[in-house]
Amino acid sequence: MAFITTKAMFEKALKGDFAVGAFNVNNMEIIQGIAEAVAEENAPVILQVSAGARKYAKPAYLLKLVEAAMIDTGIDIALHLDHGEDFAICKQCIDDGFTSVMIDGSKHPFEENIALTKQVVEYAHSKGVVVEAELGKLAGVEDDVNVSARDATFTDPDEAVEFVERTGVDSLAIAIGTSHGAYKFKGDPYLDYERLKKIHSMLPDTPLVLHGASTVIPEFVEKCNQYGGKIPGAQGVPEDMIRTSCGLGICKVNIDTDLRLAMTAEIRRVLTENPEEFDPRKYLGPGREAIKAMVKHKIKNVLNASGQK
């Protein structure tokens, strides 16, 4: 058991028709649920931390919780910074012991994105850490990421090749139609598979990443609606679309919203059915089990990653 980079797991994913689940973590119960699911499925895993989660849980606590998960389950974990907005936070996470960081310069003009990404790559590689970057913009809102549909743009294949060559980045998040959060499509769900195929054919050795890939499982939305405030119109990416993407060069699939929905739905159920309950263990425990069941489902039925450790 050890902190590892994504290098070996992505190399294996590129040769097979599966992707590695990258699950966002915020507290102990979420980490425990994910780690137990991964251990039982014998799958590779990335635990990723957003700037917001890092601020909420505090870096020292997160690191020790992830270490505890490895000790408890015996799994290897790639610890990843999700959507680092500048060099400073990427450097801090690298210095803290993260094995992978994402520098998200997608809001900047192309040349500025290249310069910023290259700066992070040079520092990270000197420390044995791998780097993910993003080209193109995903619409939607999730944590500190907020991009309007009007400003969202799909990734240009030619720019992707130039970007990877000039930055030396290890993996690339691309925009092909997904979006952050629980409200992903105004019309019918759509992913640009032809664009994905072209980018993969032009960058066959570069692992591609799919952000905004939560499927917003109806069961959890319905349970949230049944036991508390409504989540009207929530619509995620259909699972078959994610499975198809995993066979076309996508090696990493980010999942956050589904984790939030799974845990929140179960906590709402427990507290609604037991309104006098005030023991956190009695509602966070079931929330943890909901996380575990959902992650096992993703690994087996969406990512095709069972047994791929």
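The values are calculated or read from the model by the stated rules, or taken from the named source; none is laboratory data. Predicted, not measured: the structure shown is a model, and the values here were computed from it. FYI the Cβ positions are ideal-geometry reconstructions off the backbone, even for glycines, and counts take in every protein chain you see.
Go through V237, V295 for me and flag whichever is modelled with pLDDT of 90 or more and surrounded by 19 or more Cβ atoms within 10 Å (Cβ to Cβ).
Step by step, each of V237, V295 is checked, and only V295 is modelled with pLDDT of 90 or more and surrounded by 19 or more Cβ atoms within 10 Å (Cβ to Cβ).
Identify, by number, the condition in (1) under 22 Å from M263 (Cα atoms); (2) surrounded by fewer than 23 Cβ atoms within 10 Å (Cβ to Cβ) that K7 doesn't meet.
(1)
Restricting attention to region 248-258, does a residue exist that is modelled with pLDDT under 90, over 30 Å from P204 (Cβ atoms) and among the β-branched types (V, I, T)?
Checked against the condition, which is being modelled with pLDDT under 90, over 30 Å from P204 (Cβ atoms) and among the β-branched types (V, I, T), region 248-258 yields at least one hit.
Confirm whether Q119 is in contact (Cβ under 8 Å) with a residue 24 or more places away in the chain and surrounded by fewer than 21 Cβ atoms within 10 Å (Cβ to Cβ). Steps first, please.
Working: in contact (Cβ under 8 Å) with a residue 24 or more places away in the chain: yes; surrounded by fewer than 21 Cβ atoms within 10 Å (Cβ to Cβ): yes.
It is true that Q119 is in contact (Cβ under 8 Å) with a residue 24 or more places away in the chain and surrounded by fewer than 21 Cβ atoms within 10 Å (Cβ to Cβ).
Looking at P286, P275 in this structure, which one is more than 22 Å from Y190 (Cβ to Cβ) and modelled with pLDDT under 95?
Only one candidate qualifies: P275.
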